[in-house]
Amino acid sequence: QVQLVESGGGLVQAGGSLRLSCTTSGRTSSSYTMGWFRQSPGKEREFVAAISWSGGSTAYADSVKGRFTISRDNAKNTVYLQMNTLKPEDTAVYYCAARRSPFTNVVHTTGYDYWGQGTQVTVSS
């Protein structure tokens, strides 16, 4: 089994930056494709970014492309989401997710096997 724990959420002003972390544990956790999703009250959980097990492939939602960067450090069993130029519409609970490689079906929630509990990101205007 794989356990995921997110951290780094908080309150920031529009235009500011924040870095989220997701620490994984369990058997062969470093071999998983990792993704970030977010969900606002009353809305569906939406894809934000994903990264392959090696870090060689990444994918981003159009709404965050150019502003957010996903990365991973397998030695630390950690995945990061660097969020820059934050906007009020980025406000949501951000969830870390994991699935077995290869790097496929990364934009769909149903493609992931494990989920963290989420961390709140609030962007004020």
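Annotations for the structure displayed:
- A quarter of the convex hull surface defined by the alpha-carbon atoms of the chain gives 6.9 nm² as the mean projection.
- The chain: most fluctuating residue of Leu11, Leu81, Leu20 per GNM, C-alpha cutoff 10 Å: Leu11
- Per residue, the solvent-accessible area of segment 48-124 (1.4 Å probe, heavy atoms of protein chains only, all protein chains present) comes to 47 Å².
- Normalising the Debye intensity of segment 25-78 to I(0), with uniform scatterers on Cα atoms only, and taking log10 at q = 0.14, 0.24, 0.27, 0.28 Å⁻¹ returns -0.42, -0.94, -1.05, -1.09.
- Computed on the chain, with alpha-carbon pairs under 8 angstrom and 6+ residues apart, the relative contact order is 35 percent.
- Here the chain exposes an accessible surface that is 46 percent carbon and sulfur, computed with a 1.4 Å probe and the other protein chains kept in place.
- Range in the chain, longest, excluding exposed trypsin sites (Lys or Arg not before Pro) [loop by DSSP; at most 13 other beta-carbon atoms within 10 Å]: 66-125
- Sequence-distant lysines (8 or more away, or on other chains) whose Cα lies within less than 16 Å of Lys65: Lys87
- Applying D = kT/(6 pi eta Rh) to segment 11-52, where Rh is the Kirkwood radius over alpha-carbon pairs, T corresponds to 25 °C and eta to 0.890 mPa s, the Stokes-Einstein value obtained is 190 µm²/s.
- Length gained when the stretch Asn77-Glu89 is fully extended (0.36 nm per residue, less Cα-Cα span): 1.4 nm
The values are calculated or read from the model by the stated rules, or taken from the named source; none is laboratory data. None of these values were measured; they are calculated from a predicted model. A quick note on method: Cβ atoms are made from the backbone with ideal geometry, for glycine too, and the neighbour counts reach across all protein chains shown. Remember, those area values only see protein heavy atoms, side chains included, never the ligands or the DNA or RNA. Shrake-Rupley method; radii C 1.70, N 1.55, O 1.52, S 1.80 Å.
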